[in-house]
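Here is the structure we will look at.
The values are calculated or read from the model by the stated rules, or taken from the named source; none is laboratory data. Since the model is a prediction, treat every value here as computed from it, not as a measurement. Reconstructed Cβ throughout: ideal geometry from the backbone, glycine too, with neighbour counts over all protein chains shown. Heads up: the accessible areas ignore ligands, DNA and RNA and are worked out on the full protein's heavy atoms, side chains in. Shrake-Rupley method; radii C 1.70, N 1.55, O 1.52, S 1.80 Å.
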Amino acid sequence: MNDNQEAIKEIKPYYSNIEFGNDVETQINLIAQGTRDLLASWAALANKIVVSHERLIDGLDYLSISPDDVKEGLHGLKSMFDFNISEVVWQIEKRKSSFKNFIKIFVSDLSVSEKRIRKRAERYYEDVLIDEAEEDFVSSAAINEYDFTVYISLGLIYMFRKIDLDGSIYCLDNAIQYAKPKSSYYTSFALMHKANILYKNNFLDEARQCLEEAIILSPDLYELFYQMSIIEASSNKEKTISLIVKLLNFDIRYSLKIENEPAFNNIREEIHGVYKEMMDVQSTEIIHHHEHVTNKINEVSEKISRCNSIIENREFFMEKEKDSEFNELNQAMQRIIELIDRKSLLDVYTAGIILTKEIPHLFDNFKQNIILHIDKIIQYLKDEKSKINSEYVKKKNKYFLYSITKGIKSALMYSLIYFAAWIAFNNISLAIVLATLPFIMVWYLNYANFMHRTNLVKKLEAKLNELQEISHSI
């Protein structure tokens, strides 16, 4: 390891395992992993108004960034950016489609040998052959002075490898000049790095001017506001607090970064006041929303009880306590209250994330389980209705009726009863009544059976309609 590499290593308090020149995909994953370690180290030193002791034990879930965020470079890293990994971030930027589009334009008019020099410079740089990379980048800049990407690469080489700050500012100035007509983002990228050099060399006004210009060009590049707040912290308390409020709205993780920045020591009390005010507002909103969700859960629970009273068959009773999604939902709802009761900014923030992102998913799953269960009951009742109205039952009843009241057998039965009664009682009217009575009884029994079936079907239809209404209202 040469002296320049030793210097770089020494100024890497975080992301110490990130080494420029390694495979970019590996770097992306290492940075994503490194954010968890970095957040943990920040949180361990933060005031309890930012993060509670319980939260440190639980873990800082919902705060780490993903590899997909890292792939967005400076813009995706947000509060997790650190100047000590600027070169790796620049490597990642070069993979973005917007960057590649610029390269296509810059190399379109170059000769084969000129393209080869530029490509070789990039390869040397990624292989950490700094002297060779510098030589080829300088040659590329002479060939095409409008290629601002070359000047940014040289600016970073002089800033981090050669430790030539004048040379770095010269290259970054060229990058700013040539990037400005083409890309606000990369202009801001160069301005931010120039501001960092000026700030560390105590040229505060010049650094402030760079950042002001960068913010105008890229108002959604969060790190610019953070760098500006550091510059303003010593002289303009009101503006610093205003910038911090914006940062917290952009990315709550800035609270941890701010807690570990010595530049804010003189206004730490005011910053904590901002945290408390923000926490109180968010807590009120979360509690109100939590009550609304609780009411919705209770409504579904009431519908479950209503379904159970309709079903009557315990085999199909629904018990929400046995539903895994309900238990997860209930636990998440309880955790929200626990987090709010801790009265720390990041705990309240996490409660809000759970409420807005996790709870809707769990609640939808819980409702879907209930709807599926109701659908199963509805199908069971439909099957019962079909069984009652089945052709088998109809034919059976029809055959029973016809066998008694129709055909020769029926006429013979009627005659036999009639003559037996007439001989026994010698009364025609009585004989007619006695002969007709079995047929009346058969017709009555059949009618009673028909009405019983009709009533059963009506009850089933009423249950089906009620269950379908409940299912649609969940």
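For every other residue with a beta carbon closer than 11 angstrom to the beta carbon of Asp251, add +1 if it is Lys or Arg and -1 if Asp or Glu, then tell me the sum.
Every neighbour counted, the sum reads +2.
With a sphere of radius 9 Å drawn around the Cβ of Leu362, what net charge do the other residues whose Cβ falls strictly inside it have (Lys, Arg +1; Asp, Glu -1)?
Once positives and negatives cancel, what remains is -4.
Tell me, what HN-Hα J-couplings in whole Hz come from the Karplus equation 6.51 cos²θ - 1.76 cosθ + 1.60 at θ = phi - 60° for each residue of the range 172-188, using x for Gly and Pro?
Using θ = phi - 60°, the values come out as 5, 4, 5, 4, 4, 4, 8, 7, 3, x, 10, 8, 5, 5, 6, 5, 5 Hz.
Do the alpha carbons of any pairs in Lys357/Lys382; Lys78/Lys119; Lys322/Lys382; Lys78/Lys237; Lys48/Lys320; Lys239/Lys343 sit beyond 32 Å of each other, and which pairs?
Check vs 32 Å cut-off fails for Lys357/Lys382; Lys48/Lys320.
In whole Hz, with x marking every Gly and Pro, tabulate ³J(HN,Hα) for the range 319-326 from phi via Karplus 6.51 cos²θ - 1.76 cosθ + 1.60, θ = phi - 60°.
10, 4, 5, 8, 8, 4, 5, 5
Students often get this wrong, so try it: which of (i) 1.38; (ii) 1.01; (iii) 1.13 is Rg/Rh (Cα atoms, Kirkwood Rh) as calculated from the structure shown?
(i)
Would you mind counting up the charge near Ser64? Only other residues with Cβ under 10 Å from its Cβ, with Lys and Arg at +1 and Asp and Glu at -1.
-1
Can you tell me, using C-alpha contacts under 8 Å and at least 6 residues apart, the relative contact order of the chain as a whole percent?
Dividing the mean separation by the residue count of the chain yields 12 percent.
Quickly estimate the mean residue ellipticity at 222 nm for the chain, helices only: each DSSP H run with n ≥ 4 gives -39500 (n - 2.57), and the total goes over all residues, rounded to 500.
Taken over the chain, the calculation gives -25000 deg cm²/dmol.
For the chain, with every protein chain kept in place, what is the accessible area per residue (1.4 Å probe, Å²)?
53 Å²
What are the chymotrypsin sites (Phe, Trp or Tyr not before Pro) within the range 346-375 that DSSP puts in a loop, where the Cβ has at most 13 other Cβ atoms within 10 Å?
Sites meeting the loop and neighbour criteria: none at all.
With +1 on each Lys and Arg Cβ and -1 on each Asp and Glu Cβ, how big is the dipole of the chain about its Cα centre, in debye rounded to the nearest 20?
The dipole of the chain has a size of about 3960 debye.
When you count, for each residue, the other Cβ atoms within 10 Å and take the mean per peptide, how do 372-383, 325-336 rank with the highest first?
325-336, 372-383
Would you mind telling me the share, in percent, of accessible area of the chain contributed by carbon and sulfur at probe 1.4 angstrom?
After summing per-atom areas, the C and S share lands at 54 percent.
Over the range 239-393, what is the relative contact order in whole percent, taking alpha-carbon pairs under 8 Å and six or more residues apart?
In percent, rounded to a whole number, it is 24.
How high is the relative contact order of the range 319-367, in percent, counting Cα pairs under 8 Å that sit 6 or more residues apart?
Over the range 319-367, the number comes to 47 percent.
Applying the Karplus parametrisation 6.51 cos²θ - 1.76 cosθ + 1.60 with θ = phi - 60° to the phi angles of the range 224-232, what ³J(HN,Hα) value in whole Hz is obtained for each residue in order, glycine and proline being reported as x?
Along the range 224-232, the couplings run 4, 5, 5, 4, 5, 5, 5, 5, 7 Hz.
Got a sec? Charge dipole of the chain, +1 on Cβ for Lys and Arg, -1 for Asp and Glu; which of Thr284, Ser309, Ile340 is way out at the positive end?
Final value for the positive-end residue is Ser309.
Among the trypsin sites (Lys or Arg not before Pro) in the range 167-244, which ones are in a DSSP loop with at most 16 other Cβ atoms within 10 Å of the Cβ? Mind listing them?
Lys182
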